[in-house]
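K.L.:
Just dropping this structure here.
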Amino acid sequence: MRCGWLFGFLFLLSVLSYPRPAVAMTVLAEEYAPLSYSVDGQPRGFAVELFHELERRLALPPSDVTFMAWSRAYRLLLRGPRHAILFMGRTMEREDKVWFVGPIWVEDDYFYKKAGSPVAAATLDEARAVSRIGVVRDDFYQLRLQEMGFTNLDLGTSHEQGLRKLAQGRVDLVPMGELTAASQIANYPGLSMDSFERTDIHLLRSEMYIGFSRDMAWVEVERWQKALDHLRQDGTYDQILRKFVPQWRSR
């Protein structure tokens, strides 16, 4: 308990002693429940609330969150200045292009198919042999699947588009996280979890990070990482996560 108090005290001192940046940050996200989504035009979700809590602890005003297609958000992040994406996968290709803070989210990813589909895919090799796998252009899944030798990718603009293609039989498989699948599908009108089924193909265990543009000073990024570490230590991380993912258990 004393160590936790001391850590918090030292963190507070570091926040107070570091000058606030004069330029506001542009924060971007895609529609991807339960991490980030909009309700009546207002941003909601685990990653949204986590980001705002980190800002509060860093004595920064809450940033507005702008939703857009992932590929556009990623291009803006690379261009900067002072841009952030609420969550993104970390890959070798992105390592020297983006500052990463996290991980903020960890889950197991599987391939999903249309319920009742005759597509027979029980291994990664069999998944490589299907006609089309729906992924978002420039998304983490596209990069990782290409690294794994997949050449049958159908590139779209959003996860919703990929799921609708899957429901219509226009693609054979779509990768999704086991924790996010139900919330993600429920957020799209006209789609139901009953329309899809998970295959036995465990694709990977993915980690999501907050991404910051490289023009930001590393010392500032370090403060975000320390704030996240402290937020995990005092239990706030689990508290926020259980609000959006009730089945969450601390790992």
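The values are calculated or read from the model by the stated rules, or taken from the named source; none is laboratory data. Keep in mind that this is a model prediction, so the values were computed, not measured. We place every Cβ from the backbone using ideal geometry, glycine too, and count neighbours over all the protein chains shown.
K.L.:
Looking at (1) assigned to a helix (DSSP H, G or I); (2) in the same structural domain as K114 (by TED's automatic domain parsing); (3) farther than 24 Å from Y37 by Cβ; (4) of a type in the set (A, V, I, L, M), which is the one condition that is false for V221?
P.N.:
Among (1) assigned to a helix (DSSP H, G or I); (2) in the same structural domain as K114 (by TED's automatic domain parsing); (3) farther than 24 Å from Y37 by Cβ; (4) of a type in the set (A, V, I, L, M), V221 violates only (2).
K.L.:
Let me ask something else about it. Which members of the stretch 56-73 meet the condition of being within 26 Å of D139 (Cα to Cα), outside any loop (DSSP other than H, G, I, E, B) and in contact (Cβ under 8 Å) with a residue 24 or more places away in the chain?
P.N.:
Passing the criteria: V65, T66, F67, W70, S71, A73.
K.L.:
Being in contact with a helix residue (DSSP H, G or I) (Cβ under 7 Å, 6 or more places away or on another chain), over 23 Å from S71 (Cβ atoms) and not in a helix (DSSP H, G or I): is that true of I240 here?
P.N.:
Spelling it out, it is not the case that I240 is in contact with a helix residue (DSSP H, G or I) (Cβ under 7 Å, 6 or more places away or on another chain), over 23 Å from S71 (Cβ atoms) and not in a helix (DSSP H, G or I).
K.L.:
Given the criterion buried (at least 17 other Cβ atoms within 10 Å of the Cβ), modelled with pLDDT of 55 or more and within 29 Å of L143 (Cα to Cα), identify the matching residue among E53, E30.
P.N.:
Result: E30 is the single residue among E53, E30 that is buried (at least 17 other Cβ atoms within 10 Å of the Cβ), modelled with pLDDT of 55 or more and within 29 Å of L143 (Cα to Cα).
K.L.:
Being over 27 Å from L124 (Cα atoms) and either in a loop (DSSP other than H, G, I, E, B) or modelled with pLDDT under 95 (or both) narrows it down to one residue among S206, S250; which is it?
P.N.:
Matching residue, one of S206, S250: S250.
K.L.:
Still on this structure: Kindly evaluate A186 against the criterion of being at pLDDT below 95, over 19 Å from F140 (Cβ atoms) and more than 16 Å from the chain's Cα centre (by Cα).
P.N.:
For A186, the condition - at pLDDT below 95, over 19 Å from F140 (Cβ atoms) and more than 16 Å from the chain's Cα centre (by Cα) - is met.
K.L.:
Tell me which residues, restricted to the stretch 112-166, are in contact with a Phe, Trp or Tyr (Cβ under 8 Å, 6 or more places away or on another chain), over 22 Å from L86 (Cβ atoms), surrounded by 18 or more Cβ atoms within 10 Å (Cβ to Cβ) and not basic (K, R).
P.N.:
Residues satisfying the conditions are Y112, A121, A127, I133, L166.
K.L.:
For the stretch 78-188, which helices (runs of 4 or more DSSP H) that fit wholly inside it have 2 or more residues that are under 30 Å from V65 (Cα atoms)?
P.N.:
Fully inside the stretch 78-188 and qualifying: 140-147, 159-167, 181-186.
K.L.:
Next question. Where residues in the stretch 209-218 are touching a Phe, Trp or Tyr at 6+ places or on another chain (Cβ under 9 Å) and outside any helix (DSSP H, G or I), which of them is surrounded by the fewest Cβ atoms within 10 Å (Cβ to Cβ)?
P.N.:
If we take residues in the stretch 209-218 being touching a Phe, Trp or Tyr at 6+ places or on another chain (Cβ under 9 Å) and outside any helix (DSSP H, G or I), then R214 is surrounded by the fewest Cβ atoms within 10 Å (Cβ to Cβ).
K.L.:
Identify, please: which residue in the stretch 30-46 is outside any loop (DSSP other than H, G, I, E, B) and touching a helix residue (DSSP H, G or I) at 6+ places or on another chain (Cβ under 7 Å) and is, among those, nearest to Y188 (Cα to Cα)?
P.N.:
Result: Y32.
K.L.:
Any idea which of (1) at pLDDT 95 or above; (2) more than 20 Å from the chain's Cα centre (by Cα) is the one A121 doesn't satisfy?
P.N.:
(1)
K.L.:
Can you tell me which residues in the stretch 62-90 are among the basic types (K, R) and either over 14 Å from the mean Cα position of the chain (by Cα) or surrounded by fewer than 16 Cβ atoms within 10 Å (Cβ to Cβ) (or both)?
P.N.:
R72, R75, R79, R82
K.L.:
Which pairs do you get when a residue that is small (G, A, S), found in the stretch 163-181, comes within reach of a residue that is part of a helix (DSSP H, G or I), reach meaning Cβ atoms under 7 angstrom, with the pair 6+ apart or on two chains?
P.N.:
A167/S195
K.L.:
Among the residues in the stretch 176-183, are any under 25 Å from L76 (Cα atoms) and either charged (D, E, K, R) or modelled with pLDDT of 95 or more (or both)?
P.N.:
yes
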